[in-house]
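Okay, so here's the structure we're looking at.
The values are calculated or read from the model by the stated rules, or taken from the named source; none is laboratory data. Note that the coordinates shown come from a computational prediction; the quantities given were computed from them, not determined experimentally. We place every Cβ from the backbone using ideal geometry, glycine too, and count neighbours over all the protein chains shown. Accessible surface is based on the protein model in full, side chains and every heavy atom, while ligands, DNA and RNA are left aside. Shrake-Rupley method; radii C 1.70, N 1.55, O 1.52, S 1.80 Å.
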Amino acid sequence: MAQLFSNNALTTIAAPFMAGDTQLLVKSGTGSLFPNIPLPVPNDLGITAPQENYFLLTIENATATNREVISIVGREGDVLYVGARGIEDTEPTDWDVNSIVELRLTAGTLNSQTSALNVINDTLQASNQLSQQE
């Protein structure tokens, strides 16, 4: 799975977004600010492959006192399709119209990237040590 990004993607919610909802409607014309992830299409056998790409959004109230991180696995115009809610130690919440929606770099993303870089670094060091022994 690849995490996608875009610069300066910020909008607001256009319709109430309840804790159990899996589709998020953003302000008209602003869906294009976010990465394009086409909806999966079933093959001839009716089997739909799992979505491989996603991006993370942070939803925040107007007073910046409540936040929720969600993953988006599809986008069709101004409708964003949710893969998971309440991730990175946040809780699924009911959100009002005009709540802020932003594609942000999150701690979870940075921590996973740091972990991957550490594995690569360890592998390179081990490979260098083996080369020096030969």
Solvent-accessible area per residue for region 37-84 at a 1.4 Å probe radius, Å²?
53 Å²
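Counting Lys +1, Arg +1, Asp -1, Glu -1, what net charge surrounds residue 62 among other residues with beta carbon under 15 Å of its beta carbon? Before the final figure, lay out the partial values.
On the way: positive: 27, 67; negative: 60, 68, 94, 96, 102.
Taking every other residue near residue 62 into account, the sum is -3.
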